[in-house]
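Scroll down for the structure; my scribbles are underneath it.
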Amino acid sequence: MRIDMVTLFPDMFSGPFGDSIIKRAVDRGLLDIHYTNFRDYTEDKHHHVDDTPFGGGSGMVLMPEPLYKAVRDVLSKTEALAAKRRVIIMDPSGPVFNQAKARELAAYEQLVFICGHYEGFDARIYPLADEAISLGDFVLTGGELPAMVITDAVARMIPGVLGSVDSAPTDSFYDGLLEHPQYTRPRDFEGMEVPEVLLSGNHAKIREWRRRQSLLVTKKYRPDLLEHAELTEEEIDYLKQHGRKTEDHRADS
């Protein structure tokens, strides 16, 4: 997959994308990340990309011309990917990003992220994008951090990026539920013991335990997710009988 970041601050990506899974994916040719600074597409001597809003008000608004030139340049250079491309504008007014959207975006061959800054975009910039995406009901100083988060989530869906093909399907939200509790050595830590079933070697029992714990953890911390989860009658009955009883050790929020 090719990722294009259209941004005023390309250096912001060097740290998060310079380590760990994303870096390995780039090194192995699974991800190809490019950065386009739309300040380079200005024509005045001061390289202005923003101006005061018509009608008055606080802050500065990003002008449409530099962004149009930058995005169109990216699209023209990657015309071969047009049929499997998605242009995304990072904006708090968009639908909230989730795991289902990560899986959807992972099917494209190119993602172009438009990262804003300052008070916001001139409204005429939005037609550049296929969709707007938000991380939640809050406002950040720019679109770079959300673009990083979405890239990380999408990259995990790309075959070969994770060390195991089974890693992504067991993530929280992948199947609409939270992930089951995980354990490693030691077997007993300050009186908190690893559940015996995980030491049994009975893989069918372990799968059953993990699924049931996933149901209980979801009911305890995010019961709203159960409204849309695909559950069997047996699982519905299990939830009714066991309520909030879970072997998860995290603190209640």
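The values are calculated or read from the model by the stated rules, or taken from the named source; none is laboratory data. Bear in mind that the values here come from a model prediction, so they are computed numbers and not experimental data. When we count neighbours, we look across all protein chains shown, and the Cβ atoms used for this are built from the backbone with ideal geometry, even at glycine. Protein only, heavy atoms only, side chains kept; ligands, DNA and RNA dropped before computing areas. Shrake-Rupley method; radii C 1.70, N 1.55, O 1.52, S 1.80 Å.
The share of accessible area on the chain that comes from carbon and sulfur is 51 percent, using a 1.4 angstrom probe. Considering only Cα atoms, the convex hull volume of the range 47-129 works out to 101 Å³ per residue. Only one item in (i) 129; (ii) 184; (iii) 113 matches volume of the Cα convex hull per residue in Å³ derived from the coordinates shown, and that item is (ii).
When the Cα gyration tensor is reduced to axis lengths a ≥ b ≥ c, the ratio a/c is 1.5 or higher for the range 78-118, and with a/b not above b/c it is classed as oblate. Over 29 Å between Cα atoms: which of Lys77/Lys101; Lys101/Lys220; Lys45/Lys84 fall into that group? Those over the limit are Lys45/Lys84.
A 1.4 Å probe run over the chain, with the rest of the protein chains in place, finds 58 Å² accessible per residue. Considering only Thr78, Thr232, Thr42, the mean-square fluctuation computed in a Gaussian network model of the chain, springs between alpha carbons under 10 angstrom, is largest for Thr232. Judged by the ratio a/c of the largest to the smallest principal axis of the C-alpha gyration tensor, the range 59-183 counts as oblate, that ratio being 1.5 or greater while a/b is no larger than b/c. Could you work out how far helix 144-155 tilts from the main Cα principal axis of the chain, as a 0 to 90 degree angle to the nearest 10? Roughly 50 degrees, rounded to the nearest 10. Listed peptides 111-120, 128-137 appear in the order 111-120, 128-137 once ranked by packing, highest mean of other Cβ atoms within 10 Å at the front. Rounded to the nearest 500, the helix-only mean residue ellipticity at 222 nm of the chain stands at -8500 deg cm²/dmol, with each DSSP H run of n ≥ 4 adding -39,500 (n - 2.57).
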